[in-house]
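Here the structure is laid out as structure tokens; the discussion comes afterwards.
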Amino acid sequence: MAVARESRPHERRVALVPGLVPRLTKAGLQVLVEPSAGAHAGHDDGEYRAAGADVTSKAIDGATVLLGVQPPTIEQVRRLADAAATVSFLPVERELDLVTAMRDSGRTALAMELVPRISRAQTMDALSSQAVVAGYRAALIAAERLPRFLPLLMTAAGTVRPARVLVLGAGVAGLQAIATVRRLGAQVSAYDVRAAAAEEIRSVGGEFIDLGLDTLEGAAGYAREMTEERAVRQRELLAPHVADADALITTASVPGRRAPLLVTAAMVAAMKPGSVVVDLAAEQGGNVEGVRSGEELVSGGILVWGGRNVPSQMPAQASQLYATNVVNLLLLMIDGGALRVDLDDEVIAGCCVTHGGEIRHRPTGELLATGP
Ligand code: NAD
């Protein structure tokens, strides 16, 4: 088994931390790690060696399983054993060439973002573990960039009102952002289209904004895409809340779609100078008009921060959590020290993109048939 060093810029996480190596060796696996694989996440090669792994630049050659955060390159896949499996995030719509190469070479590709969100697979749910990191980080970015206190302060020189923070999209990341800014003393309100969100927002100390609109429930507890008419109405109703906020954190997303546009440039321009906007959906097109992923833009005294691979900004703990998810999934497929991909297991079947020369994930098959 091999752990690849990430070659993509901005990726600072690693798919296996030294503390988890013994779980794999006890299961009968030999663990090989590329030199410096964990360097950004705070783990040097010596730690991996001490934990029982071999550190070698040839780690990938002939490996049965390749663990990564980002998808492997086609060149890396070619170096693996014939019936090898890869475990990583795998945004199939952007990686159709890789998926085709995996299928045609008979290798197994498992996508961490496709692990079913069922109770049994909670310990393998990397979307959730990394969203917790991103939501926390978004809250701290807002707090740090905001040129004012967050809590209510009563001083001899007068009373300072708490900062008002608005969170749009209250899934795993949004709820973590709400909880974090609450702990810092801000007054938080939030909106989400899912019916369960109102109670979830209140449970972490936020005030739910009831816009009087229908909820938008899609499959498996996710949100549905808005119609254009609904999107316009939602923006109109949210505009006064945005204008009133000192900080706005957006995290809304719909699986497999561009992120919904929740806030127009005019809504941002109506905020007070000094306000801060943190858009965690920037990589999926953005919830905020004009946001740029990986950039901070200032216009009219309002700062708009566009997230880019935000979990990598806290690489040590993001890696610890991600590696735990990966190891739990991998051990489901290890039998007597050998790889056994059991497609009767709903967790493995759910996240399997290619196996045995076939595309196993129907939406990917459709994408390949019609083009992205
Ligand atoms: P996500 O990242 O897909 O989306 C983030 C949030 O954006 C969601 O809450 C979504 O409702 C919201 N959103 C989408 N369109 C919106 C719009 N137009 N306006 C406002 N908000 C909008 O979602 P997620 O954080 O991955 O979680 C989604 C759901 O899955 C939640 O209900 C969560 O509790 C549930 N979940 C379940 C499990 C499990 O094990 N069973 C694990 C994780 C998450």
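Once you put a point 7 Å from the Cα of SER36 and another 7 Å from the Cα of LEU237, both along the Cβ direction, what distance in nm separates them?
5.2
For a Förster distance of 22 Å, can you work out the FRET efficiency between the beta-carbons of ALA27 and THR73, rounded to the nearest 0.05?
The pair ALA27/THR73 has a calculated efficiency of 0.20.
Quick one: which residues, 5+ away or cross-chain, put their amide H under 5 Å from the amide H of VAL33? H built at 1.01 Å from N.
Hits under the 5 Å cutoff: VAL3, ASP54, VAL55, THR56.
Would you work out which of GLY218, LEU32, ALA131 lies farthest towards the positive end of the dipole of the chain? Charges go on Cβ: Lys and Arg +1, Asp and Glu -1.
Among GLY218, LEU32, ALA131, the one farthest towards the positive end of the dipole of the chain is ALA131.
Which order do peptides 273-286, 235-248, 148-161 fall in by mean Cβ count within 10 Å, highest first?
273-286, 235-248, 148-161
Taking only DSSP H segments of four or more residues, each worth -39500 (n - 2.57), what value at 222 nm results for the chain once the sum is divided by all its residues, to the nearest 500 deg cm²/dmol?
Roughly -9500 deg cm²/dmol at 222 nm, from the helical runs in the chain.
Collect residues whose amide H, placed 1.01 Å from N in the peptide plane, falls under 5 Å from the amide H of SER105; neighbours closer than 5 in sequence don't count.
none
Among 307-314, 131-138, 191-198, how do they line up by average Cβ neighbours within 10 Å per residue, starting with the highest?
131-138, 307-314, 191-198
Residues with beta-carbon under 13 Å from that of ARG224, excluding ARG224: net charge, scoring Lys, Arg +1 and Asp, Glu -1?
Taking every Cβ under 13 Å from that of ARG224, the sum is -1.
Defining a contact as two alpha carbons under 8 Å apart and six or more residues distant in sequence, what relative contact order in percent does region 46-98 show?
That works out to 34 percent.
Pull out the extension gain between LYS272 and GLU144, defined as 0.36 nm times the separation in residues minus the alpha carbon to alpha carbon distance; nm, one decimal.
44.4 nm
Can you pull the one-decimal nm distance between simple spin-label points at SER299 and ARG362, each 7 Å off the Cα toward Cβ?
Here the answer is 4.2 nm between the modelled labels.
Give the relative contact order (percent, whole number) for the chain; include only Cα pairs under 8 Å separated by 6+ residues.
Contact order relative to length: 19 percent.
ASP214 to ARG161: extension gain in nm, 0.36 nm per residue of separation minus the Cα-Cα distance?
15.8 nm
Compute the signed sum of charges (Lys and Arg +1, Asp and Glu -1) over the other residues within less than 13 Å, Cβ to Cβ, of SER57.
-1
Given a 1.4 Å probe, how much area per residue of the chain is accessible, in Å²?
Accessible surface, normalised per residue, equals 44 Å².
SER7 label point, 7 Å along Cα→Cβ, cut-off 11 Å on backbone N: hits in region 64-95?
Hits in region 64-95 for SER7 at 11 Å: 72-79.
Taking 8 Å as the Cα distance limit and 6 or more residues as the minimum spacing, I'd like the relative contact order of region 1-130 as a percentage.
RCO, region 1-130: 21 percent.
In region 72-123, if the dipole is taken from +1 on Lys/Arg beta carbons and -1 on Asp/Glu beta carbons about the Cα centre, which of THR73, LEU96, ALA84 is farthest to the positive end?
The listed residue farthest towards the positive side: ALA84.
Could you pull out every residue, at least 5 positions away or on a different chain, whose amide H is within less than 5 Å of the one on THR86? Hs are placed 1.01 Å off N in the peptide plane, and Pro or chain starts have none.
Counting only residues 5 or more places away or on other chains, the set is LEU66, THR108, ALA109, LEU110.
For THR56 and GLU229, calculate 0.36 nm times their separation in residues minus their Cα-Cα distance, and state this gained length in nm to one decimal.
56.6 nm
At R0 = 35 Å, how high is the FRET efficiency between LEU331 and THR370 if r is their beta carbon distance? Nearest 0.05 is fine.
The value I calculate is 0.45.
The values are calculated or read from the model by the stated rules, or taken from the named source; none is laboratory data. Because the structure is a prediction, the values reported are computed rather than measured. No Cβ is skipped: glycine too gets one built from the backbone with ideal geometry, and neighbour counts run over all protein chains shown. With ligands, DNA and RNA removed, areas are computed over all heavy atoms of the protein, side chains included. Shrake-Rupley method; radii C 1.70, N 1.55, O 1.52, S 1.80 Å.
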